[in-house]
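This report refers to the structure that appears directly beneath it.
No lab work stands behind these numbers, since they all come straight from the coordinates. As the structure is a computational prediction, the values presented were derived from the model and not from experiment. Ideal geometry is used to build each Cβ from the backbone, glycine not excepted, and the neighbour counts take in all protein chains shown.
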Amino acid sequence: MSAPAHSVAIEAKERGVERSQIVQTARLGVVSHDVADAWQHSRARTVAQGIAPEIVVLLEHRPVYTQGRRGGREHVLQTLEAPILDTDRGGDVTFHGPGQLVVWPILRLRERGIGIASYVRGLEETVIRTARAFGIEADRTKGRPGVWIANRKLASVGVRVQSGVSRHGMALNCDIDLSWFDPIRACGIADSSATSLSVEAGSSISVDDCAEVLERCFSEVFGLRLSPVRELELAP
């Protein structure tokens with residue numbers, strides 16, 4: 001389903017939000033989900049308290065399945081070859097692993113005047129623009145969160161907002177091994193399959209290839225300037 005371009009930056013400007021547009025960013029490489037998740041909870045608390053600055057982190061996970069707040073294991077179809085962890089994000093079960101670019105923005109959405117629905121659309125728009133930069137046309141599908149190419153899911157979106165601050169975010173399949181998705185009904189949707197930028201392009205598009213493009217698209221959609229952090233300690 002075609003959808004108009006979406007700009008959170010324009011909406012925030014119309015609301016009269018006046019806040020620094022400079023936000024930190026960091027590329028963390030491959031990090032286990034439990035370590036990264038503990039860190040994001042800690043960082044989100046300090047961001048909410050005004051102690052730490054907002055940040056957008058880009059990372060990959062070691063193979064892991066995660067279950068959103070909808071709970072249950074009814075969409076796990078076979079024995080899994082990686083652990084499954086419960087999380088407090090929205091959405092259902094999905095897979096994360098090397099070759100997938102995970103993006104967690106930790107932003108003061110309330111202070112920026114960005115509602116949850118608008119925020120999710122902004123994340124989706126970021127992926128749509130990133131895919132387009134590689135010559136791939138992706139879009140939203142009514143009633144199905146994330147970013148799609150027909151019935152093939154390119155990216156998942158699942159967020160949590162607490163004390164006005166966002167956690168979790170989106171996961172874009174770059175050159176991930178798609179067979180990891182076979183044992184699950186990803187996001188609880190039966191008539192769908194997973195795809196990746198590499199599959200759709202017919203050539204390899206790595207996480208490194210994608211990261212800089214996605215950062216640029218994120219900046220455009222949200223009207224932010226991302227400032228790289230050279231070193232980031234992940235201890236919670």
In segment 34-70, what residues are in contact with a helix residue (DSSP H, G or I) (Cβ under 8 Å, 6 or more places away or on another chain) and over 22 Å from Q100 (Cα atoms)? A52, P53, E54, R70
I need the full set of residues from segment 212-229 which are in contact with a strand residue (DSSP E or B) (Cβ under 8 Å, 6 or more places away or on another chain) and of a type in the set (K, R), in order please. R225
Return the residue satisfying two criteria in turn: it lies in segment 191-236 and is of a type in the set (A, V, I, L, M) and over 23 Å from E125 (Cβ atoms), and of such residues it is surrounded by the most Cβ atoms within 10 Å (Cβ to Cβ). L234
Please enumerate the residues belonging to segment 113-126 that are hydrophobic (A, V, I, L, M, F, W, C) and either under 18 Å from G91 (Cα atoms) or surrounded by fewer than 21 Cβ atoms within 10 Å (Cβ to Cβ) (or both). I116, A117, V120, L123
Take segment 93-144 and flag every residue that is under 15 Å from V157 (Cβ atoms) and β-branched (V, I, T). V93, T94, V102, V103, I114, I116, V120, T126, V127, I128, T130, T141
Surrounded by fewer than 22 Cβ atoms within 10 Å (Cβ to Cβ), touching a Lys or Arg at 6+ places or on another chain (Cβ under 6 Å) and not small (G, A, S), is that true of R129? no
Condition check: in contact with a helix residue (DSSP H, G or I) (Cβ under 8 Å, 6 or more places away or on another chain), more than 17 Å from S196 (Cβ to Cβ) and of a type in the set (V, I, T). Does I149 satisfy that? no
Lone qualifier among L172, L234, L214 - being part of a strand (DSSP E or B), among the aliphatic types (A, V, I, L, M) and touching a residue at least 24 places away in the same chain (Cβ under 8 Å): L172
When you go through R110, R144, R152 one by one, which is the residue that is of a type in the set (K, R) and either buried (at least 19 other Cβ atoms within 10 Å of the Cβ) or under 30 Å from A52 (Cα atoms) (or both)? R110
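Going by the structure shown, is S206 over 25 Å from I116 (Cβ atoms), in contact with a Lys or Arg (Cβ under 6 Å, 6 or more places away or on another chain) and touching a residue at least 40 places away in the same chain (Cβ under 8 Å)?
Criteria not met by S206.
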Check on I136, assigned to a loop (DSSP other than H, G, I, E, B) and either farther than 27 Å from P83 by Cβ or touching a residue at least 24 places away in the same chain (Cβ under 8 Å) (or both): yes
Given the condition among the basic types (K, R), under 25 Å from D209 (Cα atoms) and not in a helix (DSSP H, G or I), answer yes or no: does some residue in segment 49-70 qualify? yes
